[in-house]
1. From the residues in the stretch 407-451 that are of a type in the set (S, T, N, Q) and either in contact with a Gly (Cβ under 8 Å, 6 or more places away or on another chain) or within 25 Å of ASN229 (Cα to Cα) (or both), which one is modelled with the lowest pLDDT?
2. Could you please find all residues in the stretch 139-149 being among the hydrophobic types (A, V, I, L, M, F, W, C), closer than 16 Å to VAL22 by Cβ and open to solvent by less than 70 Å² (accessible area, probe 1.4 Å)?
3. Among the candidates LYS41, LYS71, single out the residue that is open to solvent by 100 Å² or more (accessible area, probe 1.4 Å) and in a helix (DSSP H, G or I).
4. Return yes or no: is ILE443 open to solvent by less than 50 Å² (accessible area, probe 1.4 Å), under 30 Å from LEU187 (Cα atoms) and more than 17 Å from the chain's Cα centre (by Cα)?
5. Can you pull out every residue in the stretch 74-88 that is outside any loop (DSSP other than H, G, I, E, B) and farther than 20 Å from PHE102 by Cα?
6. Between SER120, SER52, SER79, which is more than 50 Å from the chain's Cα centre (by Cα), of a type in the set (Ser, Thr, Tyr) and open to solvent by 80 Å² or more (accessible area, probe 1.4 Å)?
7. Within the stretch 383-404, is there a residue that is outside any helix (DSSP H, G or I), in contact with a Ser or Thr (Cβ under 8 Å, 6 or more places away or on another chain), modelled with pLDDT under 85 and open to solvent by less than 10 Å² (accessible area, probe 1.4 Å)?
8. Is it the case that the stretch 5-13 has a residue that's more than 14 Å from CYS125 (Cβ to Cβ) and open to solvent by 100 Å² or more (accessible area, probe 1.4 Å)?
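The values are calculated or read from the model by the stated rules, or taken from the named source; none is laboratory data. Just so we're clear, the structure is a prediction, and the values are computed from it rather than from any experiment. Positions of Cβ are generated from backbone atoms using ideal geometry, with glycine treated the same way; all protein chains shown enter the neighbour counts. In case anyone asks, the SASA skips ligands and DNA or RNA and just uses the protein heavy atoms, side chains included. Shrake-Rupley method; radii C 1.70, N 1.55, O 1.52, S 1.80 Å.
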Amino acid sequence: MIKKLGLTFEKMYKRPFYRVLVFIFGILSLPFVFIKHMKNKQNNDYSKLRGSIYERLEKDGVKDEIYNNAKEQLKNKQSFFKKELSAEEFERQVKDITNKQFNEIIDNELNIVSRQNQVSDVTFCNTFIEMFSNKLFLAASIILSFPMYILILIFSNPYSKYIVERLFMMVFVIFGVTWLVFTIMYLSPMDPATNILGQTATPDQVAQFNSIYGLDQPYHIQLLNTFKNLFSFDLGKSYVGNEDVLSAILRKFPITLQLTFASLLVAILIAIPSGIISAIKQYSSFDYMFMLFALLGLSIPNFWLGLILILNFSIKLKWLPATFVVGNWKTLIMPSIVLGTGLAASVARMTRSSMLEVKNMDYITTARAKGLNEKKVITKHILGNAMIPIVTVIGLQFGGMLGGAAVTEKVFNINGIGSFIVDKQFIPDIPIVLAGVVYVAVIISLANLIVDIMYSFLDPRIKSKMKSY
């Protein structure tokens with residue numbers, strides 16, 4: 001464990017970004033390592049050995065020989081390209097070549113001699129690993145620099161490192177999107193005060209409204225306040241109803257989550273079997289029929305399909321409720337079918353095309369030639385290797401639906417996030433719109449992250465690359 005942490009520290013030290021983070025988080029314990037490192041360096045046999053090799057090679061005339069060769073080569077190069085250098089530039093280039101080649105010879109010899117004499121170089125990382133083995137230093141440094149050890153533990157695992165890096169980048173995405181949306185809304189001609197108070201509002205009432213919500217402040221002050229609220233996870237109060245924005249989103253999120261999972265289940269149950277049959281029985285009547293339904297699913301607008309379902313199953317047959325009611329699973333059936341059919345069409349087409357691409361590969365022919373069961377060939381070798389594009393489509397659509405399916409929510413009177421944000425956009429209720437944008441950015445980023453991680457479980461090549469990440 002200690003050896004692994006020491007090696008992880010060495011890897012991090014070689015990367016400038018992580019080196020800075022290590023010094024920041026380990027500011028209370030690393031100075032002791034630095035003092036020990038300087039002390040070790042003074043009594044270092046490795047540097048003495050290097051000095052003796054340097055003196056010997058220089059005395060033997062190796063450096064002069066390299067200098068003369070470099071001089072001759074550079075002259076030939078000038079003659080070939082017919083390009084003359086100034087005397088100073090010529091001398092500088094010759095010295096650079098000489099030093100580079102001379103140091104390479106020294107390093108090669110030093111490497112051999114140091115191994116024979118069991119002498120190693122003293123580096124900051126080596127000193128840290130040496131002190132790391134001391135239990136007293138380890139205990140004290142964990143107390144003093146606990147965040148540094150958390151960072152080392154994260155870096156030691158490629159998956160945790162990848163996830164943390166992606167989450168770190170997500171912060172920049174959130175702030176970038178927030179800045180863009182805020183600027184567009186600031187430049188927009190819509191006036192929240194006039195829209196909320198009405199056209200009969202007096203100038204004093206409008207000024208008071210703007211003063212209460214800080215809308216009379218300059219652009220940069222409003223933007224800084226918005227960023228400050230993001231840092232403190234305070235998304236503010238809505239202009240209409242003075243509702244806490246974060247609480248409102250958290251209250252509506254479970255409804256959208258239920259709808260999304262139900263729709264995804266419908267889509268997978270329809271799309272995967274349809275796509276597999278279409279690919280295996282290419283150009284058959286099944287293939288044409290499934291692809292026709294997929295095309296219809298892509299072409300039919302959600303609002304129209306929703307209204308048709310309500311008209312038939314709610315009004316005429318009275319089988320299902322027309323509007324959504326929290327806690328009543330029957331009210332989720334029609335919205336799930338509306339959203340699920342659109343998603344199923346995309347997934348089915350992607351499943352078919354991905355499987356057709358893999359189906360004619362050489363290794364599939366080899367598997368069949370070896371007498372492998374056809375069912376196993378289809379499920380393990382064809383579908384298994386065709387899953388990456390399918391998972392990508394499902395992941396992106398899943399993220400999109402979690403961001404809110406405003407049209408479907410409106411049709412079925414679902415009090416989800418999509419309809420909530422759209423309603424407030426026309427005021428515009430700036431805190432809610434900004435919070436909605438941040439929510440969508442976070443959801444899409446997390447969905448992409450989950451899809452990327454799933455790649456490593458589906459494809460051994462990606463898993464292998466991930467281990468060396």
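1. For the stretch 407-451, the residue satisfying everything is GLN425.
2. Result: ILE142, MET148.
3. LYS41
4. no
5. Once the filter is applied, which keeps residues that are outside any loop (DSSP other than H, G, I, E, B) and farther than 20 Å from PHE102 by Cα, the stretch 74-88 yields ASN76, LYS77, GLN78, SER79, PHE80, PHE81, ALA87, GLU88.
6. SER79
7. There is no residue in the stretch 383-404 that is outside any helix (DSSP H, G or I), in contact with a Ser or Thr (Cβ under 8 Å, 6 or more places away or on another chain), modelled with pLDDT under 85 and open to solvent by less than 10 Å² (accessible area, probe 1.4 Å).
8. no
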